[in-house]
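Undergrad: Quick one: the structure is below, and I'll ask about it shortly.
Quick note: the coordinates plus some simple rules give every number you see, no bench work behind them. Not measured: the values here are computed from a predicted model. Heads up, the Cβs are rebuilt from the backbone with ideal geometry, glycines too, and the neighbour counts pull from every protein chain shown.
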């Protein structure tokens, strides 16, 4: 069971101490992603994140008792963004599939460093079980998205694997697949 506190909009927090705490959490997660983006996930340490954020190391340990806690919080934040996007997809099946394809393909900026950082976090779950709740959460979100297209869970698992493979291709191939290519392939897998 996750003990993660949901990220809140600091502007909507009236208590100054709580607002400052939320801003500090965001600062630390931004710094964590910056370290991963620049130097890879293996470079993350509480001291390194503190230096990146410009705060004392004790600030990091106050909010995140271990590096695993910090990485789980970072992956949770990434997941929150992607799952929230999926929740806004249109009800029209073709438009929703196009939106999902865009999420996959357009999540990579020209230099792909941020998408690569996110992928590194996702893949780290293979070695760090603490991250698996978030990778499972992502897979559940993709599965739920695919239910209207495919009633068969095995078919959904196959299309989800293809979608995750596209995320990897977007980080590792030149040129990366564009949204139209991802859409065509997903549509073909779904409709035959």
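Undergrad: Measure nothing fancy, just the Cα-based angle from helix 113-124's long axis to the longest principal axis of the chain, in degrees from 0 to 90, nearest 10.
TA: With both axes taken from Cα atoms, the answer is about 90 degrees.
Undergrad: Give me the number: length gained by fully extending residue 133 to residue 38, i.e. 0.36 nm times residue separation minus the C-alpha to C-alpha distance, one decimal in nm.
TA: This chain segment gains 31.7 nm when fully extended.
Undergrad: I would also like to ask the following. Which value results for Rg/Rh of the range 108-191 when Rg is the Cα radius of gyration and Rh the Kirkwood radius based on the inverse mean 1/r?
TA: 0.99
Undergrad: Starting with the highest mean, order 148-155, 99-106, 38-45 by the number of other Cβ atoms within 10 Å, averaged over the residues of each peptide.
TA: 99-106, 38-45, 148-155
Undergrad: May I ask you to derive the FRET efficiency for residue 65 and residue 184 from their Cβ-Cβ distance with R0 = 45 Å, giving the value to the nearest 0.05?
TA: 0.45
Undergrad: How large is log10 I(q)/I(0) at q = 0.08, 0.19 Å⁻¹ when the Debye formula is applied to the Cα atoms of the chain, each weighted equally and without solvent?
TA: Relative scattering, expressed as log10 I(q)/I(0), comes to -0.30, -1.31.
Undergrad: Something else: I need the calculated FRET efficiency for the pair residue 26 and residue 143, taking r as the beta carbon distance and R₀ as 35 Å, to the nearest 0.05.
TA: 0.75
Undergrad: Now for a separate question. Given R₀ = 22 Å, FRET efficiency for residue 92-residue 162 by Cβ-Cβ distance, to 0.05?
TA: The computed FRET efficiency comes out at 0.55.
Undergrad: Using only Cα atoms and rounding to the nearest 10 degrees, what angle (0 to 90) does helix 93-106 make with the longest principal axis of the chain?
TA: Long axis of 93-106 versus the principal axis of the chain: about 50 degrees.
Undergrad: Show me 67-79, 20-32, 166-178 ranked by packing, highest mean number of other Cβ atoms within 10 Å first.
TA: 67-79, 20-32, 166-178
Undergrad: Taking the Cα centre of each part, how many Å lie between the range 123-152 and the range 31-98?
TA: Centre-to-centre distance over Cα atoms comes out at 17 Å.
Undergrad: Moving to a separate point now. What is the extension gain from residue 173 to residue 84, computed as 0.36 nm multiplied by their sequence separation minus the C-alpha to C-alpha distance, in nm to one decimal?
TA: The span from residue 173 to residue 84 would gain 29.4 nm if fully extended.
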